[in-house]
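Colleague: Pasting a structure below so you can have a look.
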Amino acid sequence: MSSETNGPVPGQGGVEWVYSSTSSEQLVERYDTWAVSYDAEMEENYGWSAPRVTATLVQKHVPLGGRIVDAGVGTGLVGQLLSDAGYTDLTGFDFSAEMLAQARLKNVYRDLREMELGEPLDFESNSFDAVTCVGVLTLGHAPASSLDEMVRITKPGGHIIYTMRPDYRESAGFVEKESELESAGLWKLAEVTDPVQTMPKGIPDALMQVWAFELTG
């Protein structure tokens, strides 16, 4: 690792730091560096609520006992909430080895792997009852084409539940990809939340919605 071991400059938060990455390699390095302090900073400096809002939707749409994969698992915040709610068959993957190391410490995932959204995923088709993806479908992280692999690994009747900023959803091709998958008979919208402040302490204008799609194909 390189200069990324120093972390953000004074006055710069972790979110702003990773979003200023200029390459995918630098993005991974910065998440690796941030991993140990990520949970505390996201709570104390940002009031990060997207994992909780997402877990609430999972409980509405995915039965206990369902097999769930957490795409872009990070440090496992979503998995911890789902485990607390009674879900036990949890898998996760992330492109940051150090974030995965933090997720392992939570002891709620049966399997954790190093993989990247936007690339082919090393899972069999129709493997999961649900996919969760929180804070990953965003600028500089995962492209709209990531949805194709999410659909492939999800069972018919299963759900794909993810967070996204509405402005980014429109500008980054996600609206078109969602429509393409619906037109192909692969999924339908099950629920979408109203826009909510998911980082009220640090970036109050960063509104997100949570989208839940049901697989029909």
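The values are calculated or read from the model by the stated rules, or taken from the named source; none is laboratory data. What you see is a predicted model; the values in this text were computed from it and never measured. Heads up, the Cβs are rebuilt from the backbone with ideal geometry, glycines too, and the neighbour counts pull from every protein chain shown.
Colleague: Basic (K, R), under 25 Å from F128 (Cα atoms) and touching a helix residue (DSSP H, G or I) at 6+ places or on another chain (Cβ under 6 Å): does that describe K201?
Modeller: Working: basic (K, R): yes; under 25 Å from F128 (Cα atoms): no; touching a helix residue (DSSP H, G or I) at 6+ places or on another chain (Cβ under 6 Å): yes.
Spelling it out, it is not the case that K201 is basic (K, R), under 25 Å from F128 (Cα atoms) and touching a helix residue (DSSP H, G or I) at 6+ places or on another chain (Cβ under 6 Å).
Colleague: May I pose another question? How many residues are of a type in the set (F, W, Y) and under 26 Å from T22 (Cβ atoms) if we restrict to the stretch 117-169? Please lay out each step first, then the result.
Modeller: Step one: list which residues in the stretch 117-169 are of a type in the set (F, W, Y), which gives 123, 128, 162, 168.
Checking the rest, the ones that are also under 26 Å from T22 (Cβ atoms) come to 162, 168.
Final tally of qualifying residues: 2.
Residues are listed down the side, and each one gets a yes or a no for (1) surrounded by fewer than 14 Cβ atoms within 10 Å (Cβ to Cβ); (2) closer than 12 Å to Y162 by Cα; (3) small (G, A, S); (4) touching a Ser or Thr at 6+ places or on another chain (Cβ under 6 Å):
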position	(1), (2), (3), (4)
E180	no, no, no, no
A184	yes, no, yes, no
K188	yes, no, no, yes
T198	no, no, no, yes
G202	no, no, yes, no
D205	yes, no, no, no
Q209	no, yes, no, yes
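Colleague: Note down all Cβ pairs under 9 Å where the first residue falls in the stretch 17-44 and is assigned to a helix (DSSP H, G or I) and crowded, with 20+ Cβ neighbours inside 10 Å, the second is of a type in the set (V, I, T) and at pLDDT 90 or above, and they're at least six residues apart or on different chains.
Modeller: A35/T75; Y38/T75; M42/T75
Colleague: Would you be able to say whether some residue in the stretch 158-174 is crowded, with 17+ Cβ neighbours inside 10 Å, in contact (Cβ under 8 Å) with a residue 12 or more places away in the chain, farther than 21 Å from L139 by Cα and among the aliphatic types (A, V, I, L, M)?
Modeller: Within the stretch 158-174, none of the residues are crowded, with 17+ Cβ neighbours inside 10 Å, in contact (Cβ under 8 Å) with a residue 12 or more places away in the chain, farther than 21 Å from L139 by Cα and among the aliphatic types (A, V, I, L, M).
Colleague: What residue, among those in the stretch 126-168 that are among the hydroxyl-bearing types (S, T, Y) and touching a Ser or Thr at 6+ places or on another chain (Cβ under 9 Å), is farthest from D194 (Cα to Cα)? Don't jump to the end; show me each part of the working.
Modeller: Here is the first cut: in the stretch 126-168, the residues among the hydroxyl-bearing types (S, T, Y) are 127, 132, 138, 145-146, 154, 162-163, 168.
Filter once more, keeping what is touching a Ser or Thr at 6+ places or on another chain (Cβ under 9 Å): 127, 132, 138, 154, 162-163, 168.
Details: S127: 30, T132: 18, T138: 18, T154: 25, Y162: 13, T163: 11, Y168: 15 Å.
Taking the candidates together, the pick is S127.
Colleague: What do you reckon, is E114 free of Cβ contacts under 8 Å to residues at least 24 places away in the same chain, touching a helix residue (DSSP H, G or I) at 6+ places or on another chain (Cβ under 8 Å) and either within 18 Å of Y162 (Cβ to Cβ) or not hydrophobic (A, V, I, L, M, F, W, C) (or both)? Break it down into steps so the answer makes sense when it comes.
Modeller: On the way: free of Cβ contacts under 8 Å to residues at least 24 places away in the same chain: yes; touching a helix residue (DSSP H, G or I) at 6+ places or on another chain (Cβ under 8 Å): yes; either within 18 Å of Y162 (Cβ to Cβ) or not hydrophobic (A, V, I, L, M, F, W, C) (or both): yes.
Considered against the rule, which asks whether it is free of Cβ contacts under 8 Å to residues at least 24 places away in the same chain, touching a helix residue (DSSP H, G or I) at 6+ places or on another chain (Cβ under 8 Å) and either within 18 Å of Y162 (Cβ to Cβ) or not hydrophobic (A, V, I, L, M, F, W, C) (or both), E114 comes out as yes.
Colleague: Also, quick follow-up: Just to be sure, is T132 under 24 Å from I203 (Cα atoms), at pLDDT below 95, of a type in the set (S, T, N, Q) and under 13 Å from the mean Cα position of the chain (by Cα)? Please lay out each step first, then the result.
Modeller: On the way: under 24 Å from I203 (Cα atoms): yes; at pLDDT below 95: no; of a type in the set (S, T, N, Q): yes; under 13 Å from the mean Cα position of the chain (by Cα): yes.
Against the criterion (under 24 Å from I203 (Cα atoms), at pLDDT below 95, of a type in the set (S, T, N, Q) and under 13 Å from the mean Cα position of the chain (by Cα)), T132 does not qualify.
Colleague: Which of the following residues is aliphatic (A, V, I, L, M) and either touching a residue at least 60 places away in the same chain (Cβ under 8 Å) or surrounded by fewer than 18 Cβ atoms within 10 Å (Cβ to Cβ) (or both): V108, V69, V73? Spell out the reasoning first.
Modeller: Values: V108 fails: either touching a residue at least 60 places away in the same chain (Cβ under 8 Å) or surrounded by fewer than 18 Cβ atoms within 10 Å (Cβ to Cβ) (or both); V73 fails: either touching a residue at least 60 places away in the same chain (Cβ under 8 Å) or surrounded by fewer than 18 Cβ atoms within 10 Å (Cβ to Cβ) (or both).
The match here is V69.
Colleague: Oh, and also: For the stretch 122-132, check the following and say yes or no: at least one residue is acidic (D, E) and crowded, with 17+ Cβ neighbours inside 10 Å.
Modeller: Restricting attention to the stretch 122-132, the residues satisfying the condition of being acidic (D, E) are 122, 124, 129.
When the remaining residues are screened for being crowded, with 17+ Cβ neighbours inside 10 Å, the result is 129.
Yes, some residue in the stretch 122-132 is acidic (D, E) and crowded, with 17+ Cβ neighbours inside 10 Å.
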